[in-house]
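A.B. asks: Input: one structure, supplied below.
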Amino acid sequence: MARTGTAREKILAATLKLVREKGFTATTVDDLCTAAGVTKGAFFHHFASKEALGVAAAEHWSATTSAFFAAAPYHRVDDPMERLLAYIQFRRDILRGELAEFTCLVGTMVQEVYAEHPAIGAACNASISGHATTLEPDIAEAMRKRGWTPDGSMTGWSAASLALHTQAVLQGAFILAKCSGGPAIAEESVDHLSRYIRMLFGAPPAEPAA
């Protein structure tokens with residue numbers, strides 16, 4: 001691991017890497033200090049506890065991934081439904097490399113700590129639901145183009161609920177990838193999500209890949 005930046009930045013970078021590899025509980029403060037190349041004194045100077053680190057790591061993950069997704073090419077698609085589908089395809093495209101490289105930090109942490117560390121759970125919820133809200137405008141626009149109200153009064157589902165559903169599928173896909181040891185089953189789940197959205201909006205099926 002490249003040891004650049006401040007001690008706090010090094011610790012956060014180590015946390016993002018090790019927690020996705022080992023889990024939050026199995027990752028010790030000693031592990032983090034060794035990976036970051038800092039002392040325990042430096043760790044506790046920046047973080048009062050491991051729980052405080054977990055909250056900070058979730059917030060850092062949100063900031064880092066927000067910038068990554070904000071720069072993604074799917075934003076350049078004109079039609080709102082096709083833009084949503086391009087987002088989903090983008091999520092499929094980044095299922096590459098080792099599991100720890102494409103799985104979600106906050107999804108990994110919250111599965112372990114939701115009962116024992118509610119502050120971390122809340123930070124993870126804010127990260128996942130916050131990302132979902134970035135999809136709501138496109139879904140709402142796609143609904144309006146079909147004469148539907150985004151609040152769900154005409155369809156029984158809302159822009160907000162569909163945005164969260166996309167994240168439920170993606171987080172579940174990460175779990176299946178961990179169970180199977182590779183991304184293939186996650187890719188299939190993401191493909192099903194695309195098909196579901198096309199059916200939901202009454203769009204024709206996508207052409208099969210050549």
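The values are calculated or read from the model by the stated rules, or taken from the named source; none is laboratory data. This is a predicted model, so every value here is computed, not measured. Glycine gets a Cβ as well: all are built from the backbone with ideal geometry, and neighbour counts include every protein chain shown. Ligands, DNA and RNA are stripped out before the accessible areas are found, and what is left, the full protein with its side chains, is counted by its heavy atoms. Shrake-Rupley method; radii C 1.70, N 1.55, O 1.52, S 1.80 Å.
A.B. asks: With label points built 7 Å along Cα→Cβ from the Cα atoms of N125 and K178, find their separation and express it in nm.
C.D. replies: In this crude label model, N125 to K178 measures out at 2.0 nm.
A.B. asks: Estimate the FRET efficiency between D30 and A52 by the formula 1/(1 + (r/R0)^6), using the beta-carbon distance for r and 25 Å for R0, to the nearest 0.05. Each step should come with its number before you reach the end.
C.D. replies: Numbers: r = 17 Å, r/R0 = 0.67.
That pair, D30 with A52, gives E of 0.90.
A.B. asks: Charges only on Cβ, +1 for Lys and Arg, -1 for Asp and Glu: so what's the dipole of the range 44-101 about the Cα centre, in debye to the nearest 20?
C.D. replies: Values: 6 positive and 8 negative charges, 9 e Å.
In debye, rounded to 20, the range 44-101 gives about 40.
A.B. asks: Using a 1.4 angstrom probe, figure out how much accessible area the chain has per residue, in square angstrom, rounded to the nearest whole.
C.D. replies: Working: 10630 Å² over 210 residues.
Dividing the accessible area of the chain by its residue count gives 51 Å².
A.B. asks: Residue farthest toward the positive end of the dipole of the chain, with Cβ of Lys/Arg at +1 and Asp/Glu at -1: which of F90, A140, A186?
C.D. replies: In the chain, that residue is F90.
A.B. asks: Given the C-alpha centroids of the range 122-177 and the range 7-80, what is the distance between them in whole angstrom?
C.D. replies: One Cα centre to the other: 25 Å.
A.B. asks: Run the helix sum for the chain: -39,500 (n - 2.57) per DSSP H stretch of 4+ residues, divided by residue count, reported at 222 nm to the nearest 500 deg cm²/dmol.
C.D. replies: Numbers: 11 runs with 144 residues, N = 210.
Estimated from H runs of four or more residues: -22000 deg cm²/dmol.
A.B. asks: Using only the Cα atoms of the range 92-210, build the gyration tensor, take square roots of its eigenvalues as a ≥ b ≥ c, and label the shape rounded, prolate or oblate: rounded if a/c is under 1.5, else prolate if a/b is larger than b/c, else oblate.
C.D. replies: Values: a/c = 2.76, a/b = 1.28, b/c = 2.17.
The shape class here is oblate.
A.B. asks: Okay, next question. Given Cβ point charges of +1 (Lys, Arg) and -1 (Asp, Glu) and nothing else, what value in debye, to the nearest 20, does the dipole of the chain about its Cα centre take? Could you put the intermediate results ahead of the total?
C.D. replies: On the way: 19 positive and 22 negative charges, 49 e Å.
The dipole of the chain has a size of about 240 debye.
A.B. asks: Could you give each residue of the range 173-179 its phi-based ³J(HN,Hα) in whole Hz, using Karplus coefficients 6.51, -1.76, 1.60 with θ = phi - 60°, and x for Gly or Pro?
C.D. replies: For the range 173-179, the Karplus-derived couplings read 5, 5, 4, 4, 4, 5, 5 Hz, x marking Gly and Pro.
A.B. asks: How about the range 1-104: which trypsin sites (Lys or Arg not before Pro) there lie in a loop by DSSP and see at most 14 other Cβ atoms within 10 Å? Before the final figure, lay out the partial values.
C.D. replies: Working: sites: R3, R8, K10, K17, R20, K22, K40, K50, R76, R83, R91, R92, R96; in loops: R3, R96.
Those that pass, being in a loop and sparsely packed, are R3, R96.
A.B. asks: How would you classify the range 69-155 from its alpha-carbon gyration tensor, with a ≥ b ≥ c the square roots of the eigenvalues: rounded for a/c under 1.5, else prolate if a/b is greater than b/c, otherwise oblate?
C.D. replies: Details: a/c = 3.14, a/b = 1.46, b/c = 2.15.
Cα axes put the range 69-155 in the oblate bin.
A.B. asks: Quick one: if you stick a label point 7 Å off each Cα along the C-beta vector at E21 and D78, how many nm between them?
C.D. replies: A separation of 4.7 nm, rounded to one decimal place.
A.B. asks: Next question, about the same structure. With r as the distance between the Cβ atoms of E116 and Y196 and R0 = 25 Å, compute the FRET efficiency 1/(1 + (r/R0)^6) and round to 0.05. Display every interim value, and only then the final one.
C.D. replies: On the way: r = 34 Å, r/R0 = 1.37.
According to the calculation, E is roughly 0.15.
A.B. asks: Determine which lysines satisfy two conditions relative to K50: a Cα distance under 25 Å, and not lying fewer than 8 residues away in the same chain.
C.D. replies: K10, K17, K22, K40, K178
A.B. asks: Carbon-plus-sulfur fraction of the accessible area of the range 62-210, 1.4 Å probe, in percent? The partial results should precede the final answer.
C.D. replies: On the way: 4500 of 7650 Å².
The computed percentage sits at 59.
A.B. asks: Under a Cβ-only charge scheme (Lys and Arg +1, Asp and Glu -1), can you give me the dipole magnitude of the range 87-210 about the Cα centre, in debye to the nearest 20? Intermediate values should be presented prior to the final figure.
C.D. replies: Working: 9 positive and 13 negative charges, 74 e Å.
With Lys and Arg at +1 and Asp and Glu at -1, about 360 debye.
A.B. asks: Related question: Just check the range 140-208 against the gyration tensor rule for me: Cα atoms, a ≥ b ≥ c as the square roots of the eigenvalues, rounded for a/c under 1.5, and otherwise prolate or oblate depending on whether a/b exceeds b/c. Mind showing how you got there, number by number?
C.D. replies: On the way: a/c = 4.17, a/b = 1.84, b/c = 2.26.
Oblate, because a/c is 1.5 or more while a/b does not exceed b/c.
A.B. asks: Now, a different point. May I ask you to compute the full-extension gain from E101 to A67, defined as 0.36 nm times their residue separation minus their alpha-carbon distance, rounded to one decimal in nm?
C.D. replies: Numbers: separation 34, 0.36 × 34 = 12.24 nm, distance 1.70 nm.
Stretched fully, the E101-A67 segment lengthens by 10.5 nm.
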